[in-house]
Amino acid sequence: MSDKLVEHPNMYYLAAFLLLGVCLRLADAELRPYNVTAQNLFGIYDIDKDSEYSLAELKLSYNGFDSNFDGVVSREEFTTYFTTQNQYLFVLTRPLYDIYDADQDGAVTEYDFNQIYKLWDANENNVVSELEFVHWWTVTLEALDHLHHPDV
């Protein structure tokens, strides 16, 4: 990722805002097909548009979740991040938080974000490709389908 992005953290906040907006627009519509939803999310997370989601981009993402900047993403911060303007995503926040909380200590830290990154990085080359990201999110959203489509 470009050092310029790291040098200008305000660029991250713009990207985080855009990510939230995309999530909300997706939620207004339909999350299915999940691979398309995942591709749209990847397009936002890939801030420098190099077709890879880097550890530096992950760090910027983590900072966006940690709204009080205490180094810990609480369940409330996580939920707020996803549901600020659209409560539709609320049903997904608890299971997603539990997935992100890799060490299951009740708090999501940078360590936990690094662990989720390792899950996304299926080929273990320290870079998450669009294919890896889309695969993980598609499988995850399919597993959580019963929460946002309870009648199906």
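The values are calculated or read from the model by the stated rules, or taken from the named source; none is laboratory data. Bear in mind the structure is a predicted one, so any value in this text is a computation, not a measurement. Here the Cβ positions follow ideal geometry from the backbone for every residue, glycine too, while neighbour counts run over all protein chains shown.
The table below gives the values:
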quantity: Selection count, the range 103-124, where residues are among the small types (Gly, Ala, Ser) and over 17 Å from residue 69 (Cβ atoms); calculated: 2
quantity: Boolean, residue 128 is crowded, with 18+ Cβ neighbours inside 10 Å and closer than 21 Å to residue 82 by Cα; calculated: no
quantity: All positions within the range 62-91 that are among the aromatic types (Phe, Trp, Tyr) and surrounded by 13 or more Cβ atoms within 10 Å (Cβ to Cβ); calculated: 62, 65, 78, 81, 82, 88, 90
quantity: Test result for residue 88, more than 13 Å from the chain's Cα centre (by Cα) and not aliphatic (A, V, I, L, M); calculated: yes
quantity: Close pairs (8 angstrom Cβ cut-off, 6 or more residues apart or separate chains): under 25 Å from residue 142 (Cβ atoms) in the range 38-64, among the hydroxyl-bearing types (Ser, Thr, Tyr) and assigned to a strand (DSSP E or B) anywhere; calculated: 42/53; 45/53; 46/53; 51/129; 52/129; 53/129
quantity: Criterion violated by residue 129 - all others in (1) among the polar types (S, T, N, Q); (2) at pLDDT below 95; (3) in contact with a strand residue (DSSP E or B) (Cβ under 7 Å, 6 or more places away or on another chain) satisfied; calculated: (2)
quantity: Every residue from the range 50-70 that is of a type in the set (Gly, Ala, Ser), out of contact with any Ser or Thr (no Cβ under 8 Å at 6 or more places or on another chain) and under 17 Å from residue 120 (Cα atoms); calculated: 54, 56, 61
quantity: Hey, residue 140 in contact with a Phe, Trp or Tyr (Cβ under 9 Å, 6 or more places away or on another chain), over 24 Å from residue 30 (Cα atoms) and buried (at least 16 other Cβ atoms within 10 Å of the Cβ) or not; calculated: no
quantity: Residues (assigned to a loop (DSSP other than H, G, I, E, B), surrounded by 15 or more Cβ atoms within 10 Å (Cβ to Cβ) and of a type in the set (Gly, Ala, Ser)) located in the range 45-61; calculated: 54
quantity: Helices (runs of 4 or more DSSP H) within the range 73-124 that include 2 or more residues modelled with pLDDT of 95 or more and of a type in the set (Val, Ile, Thr); calculated: none
